[in-house]
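Reviewing the structure listed below.
The values are calculated or read from the model by the stated rules, or taken from the named source; none is laboratory data. Just so it is clear, the structure is predicted and the values come from calculations on it, not from any experiment. Neighbour counts run over all protein chains shown; Cβ positions are idealised from the backbone, glycine included. Note: areas computed on protein heavy atoms with side chains; ligands, DNA, RNA excluded. Shrake-Rupley method; radii C 1.70, N 1.55, O 1.52, S 1.80 Å.
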Amino acid sequence: MARVDVRGDDLVVRLTWRERIAARRGDVRVPLAAVCRVTVEPAWWRALRGDPRRGVWIPGTRCVGTRGHLAGADFVVLRPGRPVVCVELRPSAPFRLLAVSVPDRSQAAATAASLVRAAPEIDASTPCRQPLPVPDERGEGWPGLPVAGES
């Protein structure tokens, strides 16, 4: 099972050899300065957002890899029935969210607490994950995407 560690000034998601093969990449490393919020999600499926991109997606068994959405990409290593440590990242990071399943709630709480202590600028304004941004309803849309009603 993947582990979330702090190594120096970086947050590292350490993958098992099977997870490396499934995700088709090595460990994920981001600077701690990019971490803006850490939460624990008790329901694993709520950490999934966007569309599957690269990885293995076996519903009810395992979800490992990259998922894309309008705001960027997320990296997930999820197993059903286990709590998830969700790490929201600033736009400068390669991913917007890192979501990693852990064996139980106590380990999830301990992992989240250690990340909050280690990250220099945590946004503690809300204990919940923030929703993905949506295209502006006034008709401005996202750059590069057509606005509703345009052809």
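If you go through the stretch 80-116 and keep only what is of a type outside the set (G, A, S), over 15 Å from V40 (Cβ atoms) and over 10 Å from the mean Cα position of the chain (by Cα), you end up with P80, R90, P91, P94.
Restricting attention to the stretch 68-77, the residues that are more than 10 Å from the chain's Cα centre (by Cα) and open to solvent by less than 60 Å² (accessible area, probe 1.4 Å) add up to 4.
If I ask for residues that are under 20 Å from L48 (Cβ atoms), part of a helix (DSSP H, G or I) and open to solvent by 20 Å² or more (accessible area, probe 1.4 Å), which ones from the stretch 93-110 would you list? R105 - this is the single residue of the stretch 93-110 that is under 20 Å from L48 (Cβ atoms), part of a helix (DSSP H, G or I) and open to solvent by 20 Å² or more (accessible area, probe 1.4 Å). Within the stretch 18-40, the residues that satisfy the criterion of being in contact with a strand residue (DSSP E or B) (Cβ under 8 Å, 6 or more places away or on another chain), part of a helix (DSSP H, G or I), within 22 Å of R79 (Cβ to Cβ) and among the aliphatic types (A, V, I, L, M) are A22, A23. Number of residues in the stretch 6-38 that are out of contact with any Ser or Thr (no Cβ under 9 Å at 6 or more places or on another chain) and either open to solvent by less than 30 Å² (accessible area, probe 1.4 Å) or closer than 23 Å to S114 by Cβ (or both): the value is 20.
Filter the stretch 111-126 for residues that are free of Cβ contacts under 8 Å to residues at least 60 places away in the same chain and in a helix (DSSP H, G or I); which is most open to solvent (accessible area, probe 1.4 Å)? For the stretch 111-126, the residue satisfying everything is R117. Count of the stretch 51-91 residues, restricted to those that are outside any strand (DSSP E or B) and either in contact (Cβ under 8 Å) with a residue 40 or more places away in the chain or within 23 Å of P120 (Cα to Cα) (or both), is 6.
Taking the stretch 39-67 as the range and being surrounded by 13 or more Cβ atoms within 10 Å (Cβ to Cβ) and aliphatic (A, V, I, L, M) as the test, the residues that pass are V40, A47, L48, V56, V64.
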